[in-house]
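Written out below as structure tokens is the structure these notes cover.
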Amino acid sequence: MTATTIAPDVIARTQAHAEPLPSRGLLHDVWVIARRGLIHMKRQPEALSDATIQPIMFVLLFAYVFGGAIAVPGGGGEEGGPVGADRYREFLMGGIMAQTIIFTAFGVAMGVATDRKNQTVDRFRSLPIARGAVLGGYAVANLIKALLPIMIMSVTGLLVGWQIRSSIGEALLGYLLMVAFAFAMIWIGVLIGSVVKTPEGVQGIAFAGLFPITFIASTFVPVTSMPGPLRTVAEWNPVTTLSDALRELFGNPNTPLQPGDPWSIQHPVAYTWLWIVGILLVAAPLAVRAYQRSISK
Amino acid sequence: MSTSHAIEAHGLVKRYGTNVALGGIDVVVPTGTVTAVLGPNGAGKTTAVRILTTLVVADEGTASVAGYDVRTSPNEVRQRIGLAAQDATVDPLLTGRENLVMVGELHQLARRDARQRAAELLEQFGLDDAADRVTSGYSGGMRRRLDLAVTLVARPALLFLDEPTTGLDPRARNELWAVLDTLVEGGTTLLLTTQYLEEADRLADDILVVDHGDVIARGDARSLKRQVGSDNVHAVISDADRLDEATAIVAGVTGAEPVVDRPVRAVTAPSADGVANLGAVANALAGAGIAVEDLGLRQPTLDEVFLTLTGAAPASSDGDLPEASGRPGGPPTDLTPPFDTVDGRDPHADRTHQEVAR
């Protein structure tokens with residue numbers, strides 16, 4: 001870097017004041033901010049590890065280390081379905097996919113908290129952009145980001161013997177359910193990112209909140225093996241029903257229904273969609289409010 | 001609203017809980033002029049800038065910026081201003097070019113125009129070579145330059161710079177000042193905040209001195225200095241044993257009671273007669289055979305400005321504060337030197353107490 005790096009005379013010539021330009025609309029601004037989020041993803045692959053490496057490790061860990069000791073009830077029930085350890089691996093994939101979708105909130109929360117901390121948010125707010133463009137940009141970027149682990153999970157699953165045994169239509173509904181749930185989790189992430197004091201605080205909430213939610217569920221083991229009250233929690237936990245819904249839609253082994261199973265277990269797809277709508281109706285407005293409050297100090 | 005004022009704000013009040021960040025200040029900046037808001041950390045400078053740039057809404061008062069009300073027409077204001085916040089807020093994971101293009105597009109430039117403008121600014125600010133590197137690898141000076149370039153993307157006629165030179169080395173600071181000079185020559189209106197009297201003096205037509213959320217003095221640099229008092233004669237001698245002799249000599253020449261800083265063997269006294277006094281002190285010290293390490297005229301520091309204007313040290317300042325003797329408006333000769341063992345108190349203790357009280 002040399003001393004005469006700035007050319008003031010040139011600046012003077014080109015710095016004639018300009019009149020403001022008309023707005024190009026919300027979608028334009030959303031996409032500009034979303035592109036920034038995607039560049040971040042490219043430049044900071046390690047921040048994606050909870051959506052890439054971590055689920056692969058969980059698949060391998062449960063498929064080959066714990067899996068042999070976990071029995072999925074009803075083995076051999078389906079015609080031509082997998083048996084034994086293969087059966088558990090197919091059962092596992094719906095759970096791991098669900099867990100990965102839930103963890104979408106982490107990345108979003110970290111991004112929001114970091115932008116608040118380093119005043120990037122102020123920069124955006126000092127610009128003439130459409131109302132809602134910043135949050136819209138986060139949402140779009142993170143939705144695109146969420147597609148990556150979904151693809152990685154599918155490929156990893158195929159490698160360990162997972163298969164889609166249903167129709168194409170049902171499989172597509174399965175992927176749609178994942179994307180929709182990821183979209184809902186984005187708003188939980190915005191909420192967390194807006195209420196924490198520092199980005200480090202996100203880790204704490206993640207371990208205290210999201211982690212137990214993904215384990216007290218049918219993610220890795222059938223809920224039928226859990227003691228009474230815990231089983232009830234797990235049965236109504238949307239992570240259970242997301243896992244079960246994916247197993248159902250992909251035609252994978254699942255815990256057979258028993259008389260007296262709650263509605264959530266009997267209709268996991270519908271129950272999970274209700275949660276998606278519920279989160280979007282409740283958490284999204286709360287997230288927007290919390291976000292607005294956190295940035296206007 | 002008069003169009004001859006780029007900024008016109010009256011009675012701005014902002015409270016955070018029980019803490020009053022701004023106590024009802026007026027800020028009027030005529031178009032094409034430079035105003036500096038001078039004050040210590042925590043005085044309310046940044047809060048004022050944040051209100052005027054639409055980032056926070058004032059609890060009371062009105063503000064119109066570039067002809068628009070910041071409360072009712074924030075986007076009209078945002079279209080017409082550039083803001084460089086206190087910490088350069090360039091995106092660390094984006095390259096310099098990507099930062100500029102993004103802001104250009106958010107200023108509603110077409111992609112191609114945003115790219116062209118980015119290339120132009122990168123060249124002007126000497127960032128060509130670093131244009132396609134991520135800014136987390138930039139030096140502090142480069143980041144500041146990029147930050148300023150980012151504020152200029154839309155060619156605004158009104159710029160807000162919050163402590164633009166804090167943390168810059170002297171060369172980078174001079175460079176930045178040169179750019180600001182150029183912009184001002186081109187007709188840009190500038191409002192900047194600073195902790196340095198020197199910077200306010202160098203750049204501004206008008207200076208607002210703020211403390212505890214209130215404007216405690218305003219005027220151009222000359223009138224402000226008149227209020228603050230004259231330059232000081234400042235002598236550092238080589239031999240600590242002869243400090244008392246030197247003090248007597250300085251007192252004799254200036255007719256004021258000098259401030260003595262024993263650990264650094266320094267004698268300071270206000271000099272009504274500037275250079276003439278300086279010469280006389282030099283001659284007298286030489287005549288007495290007292291070896292001098294440093295001798296010169298020194299501008300009043302921000303601390304001294306505050307001491308004179310408020311009779312108290314600023315609310316919180318990064319510098320070493322002399323302890324005030326507490327008489328409001330008292331002349332600088334009332335200073336007790338920072339480490340003189342009058343009663344053995346740590347000068348910082350007083351500051352902490354003030355902060356708690358606030």
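The values are calculated or read from the model by the stated rules, or taken from the named source; none is laboratory data. What you see is a predicted model, and the numbers here were worked out from it, not measured in a lab. Cβ coordinates were reconstructed from backbone atoms using ideal geometry, including for glycine residues, and neighbour counts include every protein chain displayed. The area values use the complete protein model at the heavy-atom level, side chains included, leaving out ligands, DNA and RNA. Shrake-Rupley method; radii C 1.70, N 1.55, O 1.52, S 1.80 Å.
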Requested in this report: Leaving ligands, DNA and RNA out of it, report the carbon-plus-sulfur percent of the accessible area of chain A at a 1.4 Å probe.
Outcome: 69
Query - In sequence order, calculated HN-Hα J values of the stretch B:134-143 (Karplus, 6.51, -1.76, 1.60; Hz; x Gly/Pro) - result: 5, 6, 4, x, 6, 6, x, x, 5, 5
Query raised in the report: If the chain between B:R15 and B:A178 were fully stretched, how many nm would it gain, using 0.36 nm times the residue separation less the Cα-Cα distance?
Result: 55.0 nm
Report summary line: Listed by chain and number, the residues whose amide H is under 5 Å from that of B:D59, excluding neighbours fewer than 5 places away on the same chain and using placed H, are B:V13, B:K14, B:R15
Report task. Hey, can you find the accessible area per residue of the protein assembly as shown for me, probe 1.4 Å, expressed in square angstrom? Result -> 43
**Report entry** Average beta carbon contacts from partner chains per residue of A:123-136, 10 Å cutoff
**Finding:** 6
Requested in this report: Starting at the first residue of the stretch B:48-60, write each ³J(HN,Hα) from the Karplus equation 6.51 cos²θ - 1.76 cosθ + 1.60 with θ = phi - 60°, in whole Hz, x for Gly and Pro.
Outcome: 4, 5, 5, 5, 5, 9, 6, 7, 10, 9, 5, 6, 9
Query - Under the span-like rule (Cα at least 27 Å along the axis, Kyte-Doolittle mean at least -1.0), DSSP H helices of chain A - result: A:84-102, A:133-159, A:168-195, A:268-295
Requested in this report: Take every residue in peptide B:100-107, count the Cβ atoms of other chains within 10 Å of its Cβ, and give the average of those counts.
Outcome: 6
**Report entry** Amide proton proximity set for B:I216, modelled H, under 5 Å, gap of 5+
**Finding:** B:V209, B:V210, B:D211
Query - For peptides B:196-206, A:286-296, sequence by mean Cβ density within 10 Å, most packed first - result: B:196-206, A:286-296
Report summary line: Karplus ³J(HN,Hα) for the stretch B:17-32 (6.51 cos²θ - 1.76 cosθ + 1.60, θ = phi - 60°; Hz, whole; x = Gly/Pro) runs x, 8, 7, 8, 6, 10, x, x, 8, 10, 9, 10, 10, x, 4, x
Report summary line: Violations at 32 Å Cα threshold for listed pairs A:K145/B:K14; A:K42/A:K197; A:K197/B:K45; A:K145/B:K45; A:K117/A:K145; A:K197/B:K225 -> A:K145/B:K14; A:K145/B:K45; A:K197/B:K225
Report summary line: Between the modelled labels at B:A284 and B:T62 (7 Å from Cα along Cα→Cβ) the distance in nm is 5.7
Query raised in the report: When chain A is treated as a GNM, springs tying every alpha-carbon pair under 10 Å, which of A:G209, A:G95, A:G174 comes out with the largest mean-square fluctuation?
Result: A:G209
Query raised in the report: So what's the back-of-envelope 222 nm ellipticity for the protein assembly as shown, counting only DSSP H runs of four-plus at -39500 (n - 2.57) apiece and dividing by all residues, rounded to 500?
Result: -15500 deg cm²/dmol
Query raised in the report: Say R0 is 56 Å: what FRET efficiency, to the nearest 0.05, do B:R115 and A:L158 get from their beta-carbon distance?
Result: 0.85
**Report entry** Number of partner chain Cβ atoms within 10 Å, mean per residue of B:71-79
**Finding:** 3
Query raised in the report: Residue separation times 0.36 nm, minus the C-alpha to C-alpha distance between B:D169 and B:R262: what's the value?
Result: 30.6 nm
**Report entry** In the B-A interface, the accessible area buried, summed over both sides, Å² (probe 1.4 Å)
**Finding:** 4500
